[in-house]
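Since the structure comes first, as structure tokens, the remarks are kept for the end.
The values are calculated or read from the model by the stated rules, or taken from the named source; none is laboratory data. The shown structure was predicted, so the numbers you read here are calculated from the model rather than taken from an experiment. Methodologically, a virtual Cβ is constructed for each residue, glycine included, from the backbone with ideal geometry; neighbour enumeration extends over all protein chains shown.
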Amino acid sequence: MNSNKKDILKKLTLTDYGEFISVYSGCGTLSIVGGAGEKPQECSFEAGQRIDGNIILLCQDLPPEFPFLFLSGREAKKFKGKTKEGYSVRSNESKTSLLQISYPKSKIGLYDQNLALRLTELSINYSEEKCFEVRFGICNFKFDENDTIDKGNKSDKVILPIGEENIEISFKKVNDYDDKINRISTFKTIDVTCELVLKISNGSDLSKLITLIGGICFLLSVKNGTKISWIYYDICQKNGESISRKHALKVTKAYQPLNIYYLKEPRTVQTKEFLEATYPHYLEYRDLFKLNSGVIDAFLDAKAENDFLETRAGKMALAIEFLKNEYLMSQGQDSEFIIPPENFKKCSQEIQPVMIKTLKLHDLTENGKIQAISDINKINGLNRRSFSNIFKQLVKQFQVNITNDEISLFTHCRNSLVHRGNFYCKTFRPEEKKRCEPLLNYKFEYFFMVNILDRIFLRILGQDDKMIKVNWRNPPERISEWLK
């Protein structure tokens with residue numbers, strides 16, 4: 001009872017919500033909107049962004065009538081204020097998410113209202129000086145030991161196009177990079193490990209820069225095998241001093257080290273060369289295959305180590321379906337059908353009575369089964385192309401270095417996961433084994449599927465996939481030892 005009372009009287013602070021990369025405090029105004037319009041509420045505040053990208057705003061010492069306003073169907077719309085240092089702070093006007101309300105008792109016996117909100121954006125303006133560069137804070141990027149993108153004055157700048165203009169991008173480690181990498185590698189967490197620096201002019205379109213950095217993050221994610229995101233950016237003067245900062249709520253995932261080149265020796269592939277070579281291909285297929293709208297993220301999630309291998313395999317099957325569906329849509333509206341559906345419809349109506357008659361001739365008249373197997377939708381399903389057929393077409397179009405045996409094995413692995421919910425090596429039937437021998441165990445099968453998708457994504461991005469090709473039926477000894 002006493003501990004509950006103590007909790008009720010506790011005043012919220014940002015430390016209650018974890019570790020933050022930036023923290024601000026001061027006084028401001030929270031706008032509450034509802035049926036009676038907008039009502040501003042004066043308050044003191046603390047705000048900051050966690051290392052996983054979440055942005056928290058604490059509005060403290062709100063007036064006594066506040067709960068009646070907020071809990072009667074009204075919502076927090078926006079916030080603006082000044083930090084103790086005099087910097088301007090504001091949130092965007094999109095809907096915020098309520099985390100917590102508390103009512104700590106003050107020294108004079110009254111209850112002060114405290115509100116915790118999750119924001120989608122938070123902007124801080126330090127000054128009105130002319131801008132020279134933008135620095136994006138990037139989560140979970142690990143520098144390869146022999147990469148040349150961070151070698152002091154000799155760093156290789158990545159040069160990518162935005163329309164008719166070329167933009168130079170530098171990679172800079174954060175000050176405590178080594179400590180952060182050790183932490184995220186050990187505990188599979190999230191943190192900002194580097195900044196991408198872009199030189200700009202006052203006429204630069206910031207929205208185009210944000211789109212560019214988003215594409216770079218997707219490509220780095222594919223290369224490094226882990227979700228890499230930006231969560232804030234600083235607009236800076238020529239001397240590097242920040243003019244303003246914007247925090248943004250982005251999808252972040254725990255670090256995991258399954259680099260796409262994990263089978264290559266040595267593993268280092270220069271980041272500059274990779275980005276400059278793959279970015280044009282990414283732009284070509286980004287919208288067509290929805291690479292930035294779920295396809296790459298589904299694949300990365302299937303690689304994540306924070307699940308059982310069976311669950312990861314299920315996610316792998318989902319990633320395959322994402323890719324297959326978007327590939328089909330890119331080929332045309334009726335690409336999933338063998339015959340245009342409107343042409344097959346007449347055929348299916350003629351097939352149905354013949355099928356019913358044939359089943360009855362063979363005394364297969366058990367109640368309900370004839371209706372089930374001769375259902376018109378079931379017959380229409382005969383017109384859909386098989387996964388194997390679609391997969392072969394995808395492999396052929398992008399000239400992926402995959403053999404017929406690998407296509408057959410991949411198809412059997414996928415079908416087992418989709419239709420039986422388990423690995424092919426655990427569910428195969430004798431007649432299937434004759435056609436396609438399963439791999440040694442479920443670990444081999446999972447990494448075989450990862451390897452096939454790695455090679456497909458490399459080819460979509462215009463890269464050579466032969467360097468990571470493995471004979472999984474007779475793998476090198478180092479891989480066999482690794483997967484035991």
For the stretch 205-219, the count of residues that are in a helix (DSSP H, G or I) and either over 13 Å from residue 292 (Cβ atoms) or among the β-branched types (Val, Ile, Thr) (or both) equals 8
Which ones in the stretch 9-49 are of a type in the set (Lys, Arg) and in contact with a helix residue (DSSP H, G or I) (Cβ under 7 Å, 6 or more places away or on another chain)? 39
Of the residues in the stretch 117-142 that are in contact with a helix residue (DSSP H, G or I) (Cβ under 8 Å, 6 or more places away or on another chain) and modelled with pLDDT under 95, the one that is nearest to residue 167 (Cα to Cα) is 134
Residue selected from the stretch 209-232 under the condition polar (S, T, N, Q) and touching a residue at least 60 places away in the same chain (Cβ under 8 Å), by the criterion nearest to residue 296 (Cα to Cα): 221
Checking residue 460 against (1) exposed (fewer than 14 other Cβ atoms within 10 Å of the Cβ); (2) farther than 15 Å from residue 321 by Cα, only one condition comes out false. Which one? (1)
Which of the residues belonging to the stretch 274-293 are without any contact (Cβ under 8 Å) to a residue 60 or more places away in the chain and exposed (fewer than 15 other Cβ atoms within 10 Å of the Cβ)? 284, 287, 288, 293
Residue check, residue 300 farther than 30 Å from residue 200 by Cβ and buried (at least 18 other Cβ atoms within 10 Å of the Cβ): no
For the stretch 329-349, check the following and say yes or no: at least one residue is of a type in the set (D, E, K, R), loosely packed, with under 11 Cβ neighbours inside 10 Å and farther than 22 Å from residue 390 by Cβ. yes
Scan the stretch 387-436 residue by residue and report those that are among the charged types (D, E, K, R), free of Cβ contacts under 8 Å to residues at least 40 places away in the same chain and surrounded by 15 or more Cβ atoms within 10 Å (Cβ to Cβ). 392, 432
I'd like the full set of residues that are on the phi > 0 side of the Ramachandran plot, exposed (fewer than 11 other Cβ atoms within 10 Å of the Cβ) and touching a residue at least 40 places away in the same chain (Cβ under 8 Å), limited to the stretch 152-208. 163
If you check residue 455 against the conditions, is it surrounded by fewer than 21 Cβ atoms within 10 Å (Cβ to Cβ), at negative phi and in contact (Cβ under 8 Å) with a residue 24 or more places away in the chain? no
Of the conditions (1) closer than 30 Å to residue 476 by Cβ; (2) at pLDDT 90 or above, the single one that residue 280 does not satisfy is (1)
Among what's in the stretch 139-151 and is in contact (Cβ under 8 Å) with a residue 12 or more places away in the chain and not hydrophobic (A, V, I, L, M, F, W, C), pick the residue that is surrounded by the fewest Cβ atoms within 10 Å (Cβ to Cβ). 145
Of the numbered conditions (1) assigned to a helix (DSSP H, G or I); (2) over 27 Å from the mean Cα position of the chain (by Cα), residue 438 satisfies every one except a single condition; which is it? (1)
Answer yes or no as to whether residue 50 is modelled with pLDDT of 90 or more, surrounded by 18 or more Cβ atoms within 10 Å (Cβ to Cβ), touching a strand residue (DSSP E or B) at 6+ places or on another chain (Cβ under 9 Å) and not assigned by TED's automatic domain parsing to the domain that holds residue 230. yes
If we scan the stretch 239-247, do we find a residue that is crowded, with 20+ Cβ neighbours inside 10 Å and either assigned to a helix (DSSP H, G or I) or in contact with a Lys or Arg (Cβ under 7 Å, 6 or more places away or on another chain) (or both)? no
Just to be sure before I move on: is residue 325 surrounded by 11 or more Cβ atoms within 10 Å (Cβ to Cβ) and within 30 Å of residue 446 (Cβ to Cβ) in the structure I sent? yes
Would you mention how many residues in the stretch 372-419 are part of a helix (DSSP H, G or I) and touching an Asp or Glu at 6+ places or on another chain (Cβ under 7 Å)? 2
